[in-house]
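Step one of this worksheet: look at the structure below.
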Amino acid sequence: MATDDIERSRRQAHLQPAEADFDPLPFDAAAARAFGSVAASLRARGRKPAARACDALIAAVAVASSLPLYTADPDDFEGIEGLDLRPVPVSASRPR
């Protein structure tokens, strides 16, 4: 989603070590079912699920897996029913 090559490269450099530290969770049938309630929660708050599609998919996997979602952008996930949201502070020197 980065708009320029420098930002894209910076984000990729930040992402690669994180990918090595975590096993990905699948978007499976349970997550697909949870996606409906995530989308409904966003709509109930006057937000458009399509505009937040990636965030909604991430939230659906967390809800379906009964796992907390740690994020530096808690406003992106605010109000999603059943989501255990855990805000993470970000230092000014750390890339987002």
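Tell me yes or no: at least one residue of region 16-30 is in a helix (DSSP H, G or I) and surrounded by 17 or more Cβ atoms within 10 Å (Cβ to Cβ). Please lay out each step first, then the result.
Of all residues in region 16-30, those in a helix (DSSP H, G or I) come to 16-21, 29-30.
Filter once more, so that each one left must be surrounded by 17 or more Cβ atoms within 10 Å (Cβ to Cβ): none.
No, region 16-30 contains no residue that is in a helix (DSSP H, G or I) and surrounded by 17 or more Cβ atoms within 10 Å (Cβ to Cβ).
Suppose we keep only residues that are modelled with pLDDT under 95 and assigned to a helix (DSSP H, G or I) within region 59-96. Which one would you say is surrounded by the most Cβ atoms within 10 Å (Cβ to Cβ)?
In this case the residue turns out to be Asp76.
The values are calculated or read from the model by the stated rules, or taken from the named source; none is laboratory data. It should be emphasised that the depicted structure is a prediction, and the values quoted were computed from it without experimental measurement. Quick reminder, even Gly has a Cβ in these numbers, built from the backbone with ideal geometry, and neighbours come from all protein chains shown.
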